[in-house]
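Participant: Starting off with a structure, shown below.
The values are calculated or read from the model by the stated rules, or taken from the named source; none is laboratory data. The model shown is predicted, which means the values in this text are computed figures rather than measured ones. As a convention, Cβ positions derive from the backbone with ideal geometry for all residues, glycine included, and neighbour counts pool all protein chains shown. When the accessible area is computed, the model is the full protein with side chains, heavy atoms only, and any ligands, DNA or RNA have been set aside. Shrake-Rupley method; radii C 1.70, N 1.55, O 1.52, S 1.80 Å.
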Amino acid sequence: MKTYKISNKQRVIEVAANLFIQKGYTYTSMDEVVQKSEVSKSNVYYHFSNKEELLLAVIDYWIDAYQIKIEEMLEQNNLSLKKRMVNFLNSLGDSVEQRNYQGSCPFITFIIQTPKDDLIVQEKVNGFFDYLILICTDLIEQGIEANELKPDINAKEVAELFVNNLEGALFLAEIKKNKQLITATAESLFRLLVLE
């Protein structure tokens, strides 16, 4: 079996991604990233001239991680909409549990931890949520067409409700250290939307 070595840049991003969630962006120094990543200081600064640049790379890292989970959900065409979305939420719950319930939603965590005037971070996070709502809107429209959901619902409004519900569930899962809350709230939402 072939093994792949990750690049120094990727190693720094992965270490920073975990440190920013565990300790907080503000409380993590570049020196700590250097030490934990075991990448030389000169190499770290070759790739990232400052901590803000590293944060943007970390946000991209988390966006990529979520997009992989979203793509897995989209590829499950043989399953019902509810099953696909529950699988997605279970996957998120497993990830939250693996992180020991720290930073249940990395995007909200970073928005809270960065200065309010950091428009680039806000734009990246907003862009991700717009993308997530768009994907959910498409999925809900498919659910309506497949007669899985009530025909008179507004797909975009339900998608926004789903994402808001998800964010609240992720927060509660972190506080209560219970990943089941992530799927439980979605199950409740689906009960309101399915055809009877």
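Participant: Checking Gln180 against (1) in contact (Cβ under 8 Å) with a residue 12 or more places away in the chain; (2) over 27 Å from Asn77 (Cβ atoms), which test does it fail?
Facilitator: Unmet for Gln180, out of (1) in contact (Cβ under 8 Å) with a residue 12 or more places away in the chain; (2) over 27 Å from Asn77 (Cβ atoms): (2).
Participant: If only one of Leu132, Leu172, Leu181 is surrounded by fewer than 18 Cβ atoms within 10 Å (Cβ to Cβ), assigned to a helix (DSSP H, G or I) and modelled with pLDDT of 90 or more, which one is it?
Facilitator: On inspection, the qualifying residue turns out to be Leu172.
Participant: Has the stretch 89-96 got at least one residue that is over 28 Å from Leu54 (Cβ atoms), free of Cβ contacts under 8 Å to residues at least 40 places away in the same chain and open to solvent by less than 10 Å² (accessible area, probe 1.4 Å)?
Facilitator: Keep residues of the stretch 89-96 that are over 28 Å from Leu54 (Cβ atoms), which gives 89-90.
This time we only want the ones that are free of Cβ contacts under 8 Å to residues at least 40 places away in the same chain, so: none.
For the stretch 89-96, residues over 28 Å from Leu54 (Cβ atoms), free of Cβ contacts under 8 Å to residues at least 40 places away in the same chain and open to solvent by less than 10 Å² (accessible area, probe 1.4 Å): absent.
Participant: Let me ask another. What are the residue pairs meeting all of these: first residue in the stretch 119-145, first residue farther than 17 Å from Lys69 by Cβ, second residue surrounded by fewer than 19 Cβ atoms within 10 Å (Cβ to Cβ) and charged (D, E, K, R), Cβ atoms under 7 Å, and 6 or more apart or on different chains?
Facilitator: Thr137/Lys156
Participant: Go through the residues of the stretch 147-161 one by one and say whether even a single one is assigned to a helix (DSSP H, G or I), open to solvent by less than 20 Å² (accessible area, probe 1.4 Å), out of contact with any Phe, Trp or Tyr (no Cβ under 7 Å at 6 or more places or on another chain) and closer than 24 Å to Ala57 by Cβ.
Facilitator: So in the stretch 147-161, the residues assigned to a helix (DSSP H, G or I) come out as 155-161.
This time we only want the ones that are open to solvent by less than 20 Å² (accessible area, probe 1.4 Å), so: 155, 158-159.
Then keep just the ones that are out of contact with any Phe, Trp or Tyr (no Cβ under 7 Å at 6 or more places or on another chain); that gives 155, 158-159.
Remaining after also requiring closer than 24 Å to Ala57 by Cβ: none.
No, the stretch 147-161 contains no residue that is assigned to a helix (DSSP H, G or I), open to solvent by less than 20 Å² (accessible area, probe 1.4 Å), out of contact with any Phe, Trp or Tyr (no Cβ under 7 Å at 6 or more places or on another chain) and closer than 24 Å to Ala57 by Cβ.
Participant: Restricting to the stretch 19-30, name every residue that is in a helix (DSSP H, G or I) and within 18 Å of the chain's Cα centre (by Cα). Break it down into steps so the answer makes sense when it comes.
Facilitator: Keep residues of the stretch 19-30 that are in a helix (DSSP H, G or I), which gives 19-22, 30.
Residues satisfying the conditions are Leu19, Phe20, Ile21, Gln22.
Participant: Pick out the one residue from Val33, Val39 that is of a type outside the set (Lys, Arg), assigned to a loop (DSSP other than H, G, I, E, B) and in contact with a Lys or Arg (Cβ under 9 Å, 6 or more places away or on another chain).
Facilitator: Step by step, each of Val33, Val39 is checked, and only Val39 is of a type outside the set (Lys, Arg), assigned to a loop (DSSP other than H, G, I, E, B) and in contact with a Lys or Arg (Cβ under 9 Å, 6 or more places away or on another chain).
Participant: Somewhere in the stretch 99-108, is a residue of a type in the set (A, V, I, L, M), open to solvent by less than 20 Å² (accessible area, probe 1.4 Å), out of contact with any strand residue (DSSP E or B) (no Cβ under 9 Å at 6 or more places or on another chain) and part of a helix (DSSP H, G or I)?
Facilitator: no
Participant: Right, something else. Taking the stretch 96-123, which residues are closer than 23 Å to Ile182 by Cβ and basic (Lys, Arg)?
Facilitator: If the condition is that a residue be closer than 23 Å to Ile182 by Cβ and basic (Lys, Arg), then Arg99 is the only one that fits.
Participant: So which residues in the stretch 27-79 are surrounded by 14 or more Cβ atoms within 10 Å (Cβ to Cβ), of a type in the set (S, T, N, Q) and farther than 16 Å from Pro106 by Cβ, if there are any at all?
Facilitator: Within the stretch 27-79, Ser37, Asn43, Gln76 meet the criteria.
Participant: Next up: Please work out if Asp64 is closer than 23 Å to Gln113 by Cβ, touching a residue at least 24 places away in the same chain (Cβ under 8 Å) and either not basic (Lys, Arg) or not in a helix (DSSP H, G or I) (or both).
Facilitator: Details: closer than 23 Å to Gln113 by Cβ: yes; touching a residue at least 24 places away in the same chain (Cβ under 8 Å): no; either not basic (Lys, Arg) or not in a helix (DSSP H, G or I) (or both): yes.
So Asp64 does not fit the description; no.
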